[in-house]
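A.B. asks: The structure is given below, and queries will be raised subsequently.
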Amino acid sequence: MVSLWVATMALIVGLLLGLYMTVPLTPLLVKFSDYIGLAVLAGFDTIVGGIRAALQGNFDKRIFLSGFFVNMLMASFLAYIGNQVLGIDLMVAVVVVFGLRIFNNLAVIRRIMLDRLLRWFEERKVASSMAVSEGETASGQGAMKVEG
């Protein structure tokens, strides 16, 4: 309950800061907007990977948090160094790598969810067929033939 309150307060404070501090930060954000976009993509990759790990049962929040921040910083840093120092546009490479990782993780998540859904349908089918067979046993071996 406390963590929900803290998260809500942090969201409100962040929104208020974003509304009132946009003017002095705008030139900085425009200058680094490409790198911020890469950081968001890297963060999204980590989130999708965390969902995959949770569905597979091996989620560790320390690995998730460290991967979240390290991926964001390294993606932006590599693209910045590539553009400013080496003169190579590494942004495309970073987008391709994280895009492939995201779609790979989404494919695994889809398979896991589909397997769970099919298993759920199979369990319901077995449970309903057991209920029908128990009902036939209770009524005296099913319907009786009527001869006329």
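A.B. asks: Output needed: percent of Cα pairs per 5 Å distance bin for the range 29-135, bins running from 0 to the one holding the longest distance.
C.D. replies: Once binned at 5 Å, the Cα pair distances of the range 29-135 give 2, 12, 16, 16, 12, 10, 8, 6, 5, 4, 3, 3, 2, 1, 1, 0.
A.B. asks: Next up: Report the calculated FRET efficiency for MET113 and PHE64 (r = Cβ-Cβ distance, R0 = 22 Å), to the nearest 0.05. Write down the numbers at each step before the final one.
C.D. replies: Numbers: r = 20 Å, r/R0 = 0.90.
E(calc), rounded to 0.05, equals 0.65.
A.B. asks: Follow-up. So if each residue of separation counts as 0.36 nm, and I subtract the Cα-Cα distance between ASN104 and TYR80, what length gain in nm does that give?
C.D. replies: Numbers: separation 24, 0.36 × 24 = 8.64 nm, distance 2.60 nm.
The span from ASN104 to TYR80 would gain 6.0 nm if fully extended.
Coordinate-derived values only; no laboratory data. None of the values given here were measured: they were computed from a predicted structure. Cβ atoms come from the backbone with ideal geometry, glycine included; neighbour counts cover every protein chain shown.
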